[in-house]
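Here the structure is laid out as structure tokens; the discussion comes afterwards.
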Amino acid sequence: MHNKNINKKLITLSLAATLVFSAVACGTTSGNDETGTKSNASVEDNGVENVALTPEDFNIDDVGEFTIRVGVNSGDQNQVLKILDDHTNFLKDRGINLETTEFAAGINTIDAITTGQLDVGLFADYAGVNRIGNTLADTKLRAFAMIAKSDSTYLYVNPDTVTKAEDLAGKTVINMPGVVTEYEYGKLFETYGIDPASVEFANVSSAQEALALATNDSADAYWVGRINWSKFEEVGWTPLLNIGDIDATMYTYLVADESYLLEHEAEVAKFLAVSNEAFEYVENNLDEVAQWEEDDLGLAKELAIENWKAATHEYTFPQEAYEDLLKVEAWCYQNGNFPTDYDFTDFINTDALYLVNGDKVTWQPK
């Protein structure tokens, strides 16, 4: 099933039966039938017939030129996509003007969507679930594609003070409030029976600040993603355990405001389709693209290659991604992160993705 949302973007079918894509919704609704397939119900609007976008009728080459503003994290696949486009016009030649802004964490891209700075952001499962749970009355955020699944985050520790997980009691750990590190620590404490009250948290807003604390021996542990492994190893820290060891495999998602997804369904669908083509290009030309990353970002070529290989690279929405969101929501509610238990199903809209990669949109609501 691609989405339970019934507010579908509609397009106008002219008297000449020419399909015209508009950046603005024209007006009515269509829903999912009992099998989970988008229906083709049409209505009359001022005498003009309207039909919902369907995979059979949709052609990305019919979508006109557009700009899309996307938030990225350092070294993530949309930042790689921008670098690829800068060097090859991969997206520009297809009528997509990609504008990117880098943020320290995915949660910051959600803030930028809220303030109108971005069209599309990203979040790791916990960060998005927690933010929506704490803004239920107002949020219009919708997850619309899974970015990746990854176990490439490790708990790095100062080996002079921590040799096993239980040693964290009485120690200081580095945390970024509101992001997935909070969930990872929670799962860690549960797994090893550590009282959270026995651990001191040093809050930071970036990995750079975390590294400074590690360098100055001001903390004892921090969850480190692959792109920063070598930096923490340079100051003498070592990996102790992996997020997979505590049942916290991380899923990441693209997110946008519901109104943007409704009004720009065709454009979003084209962006997703061309992005998937671009990711395949990167996969087949990784050595060259990694060199561009080194030249443009200062990221070591070898690290760029390792970082790319550490995760999946195709926009999909499988059942496991959906169930991960439900699992994290349940954990957050049970641990008092927000007062109201909610169903994350209501905050997913995969209509655009279904248009171009329907075989990979396999989630079914529970």
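The values are calculated or read from the model by the stated rules, or taken from the named source; none is laboratory data. Just so we're clear, the structure is a prediction, and the values are computed from it rather than from any experiment. Every residue, glycine as well, gets a Cβ built from its backbone with ideal geometry; the counts of neighbours run over all protein chains shown.
Values as computed for the structure displayed
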| read-out | value |
| --- | --- |
| Flag for residue 143 being more than 24 Å from residue 354 (Cβ to Cβ), modelled with pLDDT of 95 or more and within 14 Å of the chain's Cα centre (by Cα) | no |
| Test: residue 42 is surrounded by fewer than 21 Cβ atoms within 10 Å (Cβ to Cβ), more than 23 Å from residue 289 (Cα to Cα) and modelled with pLDDT under 95 | yes |
| In region 137-157, the residues that are touching a strand residue (DSSP E or B) at 6+ places or on another chain (Cβ under 8 Å), aliphatic (A, V, I, L, M) and more than 15 Å from residue 254 (Cβ to Cβ) | 155, 157 |
| Subset of region 208-228 [under 22 Å from residue 128 (Cα atoms) and either touching a His at 6+ places or on another chain (Cβ under 7 Å) or assigned to a strand (DSSP E or B) (or both)] | 222, 223, 224 |
| The listed residue being surrounded by 15 or more Cβ atoms within 10 Å (Cβ to Cβ), part of a strand (DSSP E or B) and either touching a residue at least 12 places away in the same chain (Cβ under 8 Å) or under 21 Å from the mean Cα position of the chain (by Cα) (or both), out of 231, 187, 149 | 149 |
| One residue from 290, 311, 273 being touching a residue at least 60 places away in the same chain (Cβ under 8 Å), more than 20 Å from residue 69 (Cα to Cα) and surrounded by 15 or more Cβ atoms within 10 Å (Cβ to Cβ) | 311 |
| Qualifying positions in region 69-106 - hydroxyl-bearing (Ser, Thr, Tyr), under 30 Å from residue 223 (Cβ atoms) and not in a strand (DSSP E or B) | 74 |
| Boolean, residue 174 is assigned to a strand (DSSP E or B), farther than 21 Å from residue 76 by Cα and either more than 16 Å from the chain's Cα centre (by Cα) or free of Cβ contacts under 8 Å to residues at least 24 places away in the same chain (or both) | yes |
